[in-house]
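Worksheet for the structure shown next.
Please treat every number below as a calculation from the coordinates, not as lab data. Only a predicted model underlies this, so the values are computations on that prediction, with no experimental measurement involved. Counting neighbours? That spans all protein chains shown, and the Cβs are built from the backbone with ideal geometry, glycine included.
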Amino acid sequence: MEERGSPDGDPAWNLEQGPEGPETPIQVVLRVRPMSAAELRRGEQSALHCSGTRTLQVSPPGGGPDVAFRFGAVLDGASTQDDVFRACGVRRLGELALRGFSCTVFTFGQTGSGKTYTLTGPPPQGEGVPVPPSLAGIMQRTFAWLLDRVQQLDVPVTLRASYLEVYNEQIRDLLSLGAPRPLPVRWNKTRGFYVEQLRVVEFGSLGALMELLQMGLSRRRSSAHTLNQASSRSHALLTLYISHQTPLPSPHGALILQPQQMPPVDPGEPPAGGKLCFVDLAGSEKVAATGSRGELMLEANSINRSLLALGHCISLLLDPQRKQSHIPFRDSKLTKLLADSLGGHGVTLMVACVSPSAQCLPETLSTLRYASRAQRVTTRPQAPRSPKAKPPQHLEAESLQLQEENLHLRSQLGQMDPKASGLSGARVAWAQRNLYGMLQEFMLENERLRKEKKHLQSSRDLAYSEQRILARQVRELERRLLSACCFQQPGPGPAPPCPCVMVPPLLCHVFGSKAPGNGPLSARPPPWAPPCCPSSAKCSRERSHSEWTQTQVLAEMLTEEKVMPSAPPLPTGPLNASPVLRGGAAVPNLARRLEALRDQIGTSLRRGRSQPPPR
Ligand code: ADP
Ligand code: MG
């Protein structure tokens, strides 16, 4: 048979191109299984026929117009397992995995359509009986090809494997040493979604890998129902981890690849490097058609739910606005595990499987539509970064903070119930887009306010330090004033100025702008000031106090007043409250009083010098 859509023959599969383009579409190939003996016995007709190597024609049984679907490759019922392996492009994914990319192959389709057969061959005919080589599926063939390829490389490559199944929304380790127990799925920013405590086994030969595969297949849940005697009741994921120390050339030697610096592997953590994951999905089923009851029905419901979640994610990924919309990968374990393959940095191949029988046409059409849509989903493949390329710590912290903020905003958006506001689907989408716009604006505004706050904080700190310097100067002047007063004697000479005159006018405002007697307060002494007459020249000698007392009063005034920070809380009192009570004016006020104090000290010192020394 001709090699259809092969990696070598088709420019679309050219390995030289690699997946480095910013957006790489999911590759989809279609496999049509042959009519089964039972279907032929029941006299069922085929509704499908292939035209060329890429197009499938669907003829509705009622005689309506044919519908055509186009895929990367279409393989009809006559195709052998080897044809499928060569045509589907899995070797391209193997090459990319060797170069450090994360690649996924998954089969998709109705139950009984041949998904498990395509990946691993027919069900085991007996305990420990291996699949005949001619019927081996994509997985066994890829294993053999990969190990052969690794041997051709003259660099040491470490190969490891894990195998798990998602059964009834629980993850079970198919390679666990004891009985499988449910394992949690976790998320972190470097690894994305991952299964905690999953056993990852190192292997060195094809035989060892085949044993791991057999072990997993034998432990996987399967049951018999009307449409399939060995129906898989779980989604199974076998992952190969490939790590090596040195750059690998491309198959044609043309590409010089980035060296991969492999970090030491933490126990229980899969190694960094390339990945090739094979996903055998459980098939969607109509419970009425399969005749599932009891546990089988519960399983079917769980399978359908997770496939529905998968379909929902694919639909959203097709949305041109998807960069702004939230993809609900968290809705099921399956979508969590496939998140990177579908919407992230992986390279993905989907093998859609269908039955040719006209009886299955509704499910077949649904699979075909689903697969055609999946072809338009793109990923942004990226080889894993070397640890040297790690972003600086402060950037990492900032990105973490932004991610948290993003998550918070998204959850707030998610809480808005569209039904409650009675919006239709299109309007909801429109509203969500606009809400995203608003959110972006809010985030910008938030950023601006953060900067402003930082600026205000720095000016407040500056004012605090100015205030500390001034206070220190005041204390120093007080000290000098007191020591000057100690050497002074009361005697003849001009009376000292009245304290209330020495107080700068602003200070007087602290006590209100108007005095009880309607006169300006700055002309009256404060209640605690020594009594004096309005005119200092007329103050009597008996009523006047020593300069020491006056300076003491002045010093008390200076030290007792509280200075507010320059970024004050909003005023709670009346709007016309004294400006001094607002912190912003405090520092200039202090400076003015300092000036007054200096004058006072100067006067005292001059007077001290002109008087005779004390007896
Ligand atoms: P699924 O995994 O999609 O539920 P299976 O792979 O279990 O379906 O296939 C259902 C049945 O059809 C199995 O008995 C399988 O051997 C058979 N079958 C599927 N595809 C083919 C094929 N291409 N050639 C021959 N038999 C097939
Ligand atoms: Mg199956």
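Applying the Karplus relation 6.51 cos²θ - 1.76 cosθ + 1.60 with θ = phi - 60° to segment 202-210 yields 3J(HN,Hα) values of 7, 9, x, 9, 4, x, 5, 5, 4 Hz, where x marks Gly and Pro. Taken one residue at a time, the phi angles of segment 341-358 give Karplus couplings (6.51, -1.76, 1.60, θ = phi - 60°) of 5, 8, x, x, 10, x, 10, 10, 10, 10, 10, 8, 10, 9, 8, x, 4, 5 Hz. Gly and Pro are set to x.
Distance between the pseudo-spin-label points of Arg373 and Thr55 (7 Å out from Cα toward the beta carbon): 2.4 nm.
Highest mean first, the peptides 157-170, 54-67 sorted by other C-beta atoms within 10 Å per residue fall in the order 157-170, 54-67.
Close amide H contacts of Gly121 (hydrogens built in the peptide plane, cut-off under 5 Å, sequence separation of 5 or more or a different chain): Gly137, Ile138.
Fully extended, how many nm does the chain gain between Ser459 and Glu447 (0.36 nm per residue separation, minus their Cα-Cα distance)?
2.4 nm
Along segment 444-460 the Karplus relation, 6.51 cos²θ - 1.76 cosθ + 1.60 evaluated at θ = phi - 60°, assigns HN-Hα couplings of 5, 4, 4, 4, 5, 5, 4, 5, 4, 4, 4, 4, 4, 4, 5, 6, 5 Hz to successive residues, with x for each Gly and Pro. Stretching Ser218 away from Arg380 to a fully extended chain increases their span by 54.8 nm, per 0.36 nm per residue minus the current alpha-carbon distance.
Would you work out the relative contact order for segment 71-152, in percent, from Cα pairs under 8 angstrom that are 6 or more residues apart? 32 percent.
Once the Cβ-Cβ distance of Leu413 and Leu298 is raised to the sixth power relative to R0 = 35 Å, the FRET efficiency obtained is 0.55. From most to least packed by mean Cβ count within 10 Å, the peptides 43-51, 404-412, 449-457, 78-86 give 78-86, 43-51, 404-412, 449-457.
Under the classification rounded if a/c is under 1.5, otherwise prolate if a/b is larger than b/c and oblate if not, where does segment 28-139 fall, given a ≥ b ≥ c as square roots of the Cα gyration tensor eigenvalues? Can you show the working numbers first?
On the way: a/c = 2.58, a/b = 1.28, b/c = 2.01.
Oblate.
Considering only the Cα atoms of segment 17-87, their convex hull presents on average a projected area of 6.7 nm².
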